[in-house]
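Data block below; observations after.
The values are calculated or read from the model by the stated rules, or taken from the named source; none is laboratory data. All values derive from a computational prediction rather than experimental measurement. Please note: Cβ atoms are built from the backbone with ideal geometry, for glycine as well, and neighbour counts cover all protein chains shown. The area values use the complete protein model at the heavy-atom level, side chains included, leaving out ligands, DNA and RNA. Shrake-Rupley method; radii C 1.70, N 1.55, O 1.52, S 1.80 Å.
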Amino acid sequence: MTNTCPVCASDRILPRRMGRKAGTVTGIAAGTASGIAGALSGAGGGAVTGLQLGRIAGPPGMALGTLSGALIGGLIGGAAGGVTGAQIGDELDRRVLDNCECLNCGHTFRRD
């Protein structure tokens, strides 16, 4: 593993982690959308149950239950998507992308 820039031989090397950053953001967005969609697709069953329990909670209870289910689904989906995206991004950084930048000359290169 090289610890110096191949252009100027500087040892001031910074890891870029571009794949990890992009993977995390993409994973969070996709996971959140998927979690919300999954929670809302189950809202039909929740609405039926809410109607049956309407004597206790009424219409506001149904609306609150649907909203909180979508929120929790979005949070869980976003967290899972972010972790998965970060792992995929790490692999991209390691195997494909120029994962290092020289702070001296600005050259980007892949450290094996």
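Side notes on the structure shown:
- Only residues that are closer than 18 Å to Leu97 by Cα and within 8 Å of the chain's Cα centre (by Cα) were counted across the stretch 9-35, and they come to 4.
- Cβ pairs under 9 Å, 6+ apart, first in the stretch 17-31 and hydrophobic (A, V, I, L, M, F, W, C), second open to solvent by less than 60 Å² (accessible area, probe 1.4 Å) and not in a helix (DSSP H, G or I): Met18/Asn99
- Which numbered condition Pro60 fails, given (1) under 24 Å from Leu75 (Cβ atoms); (2) over 28 Å from the mean Cα position of the chain (by Cα); (3) modelled with pLDDT under 70: (3)
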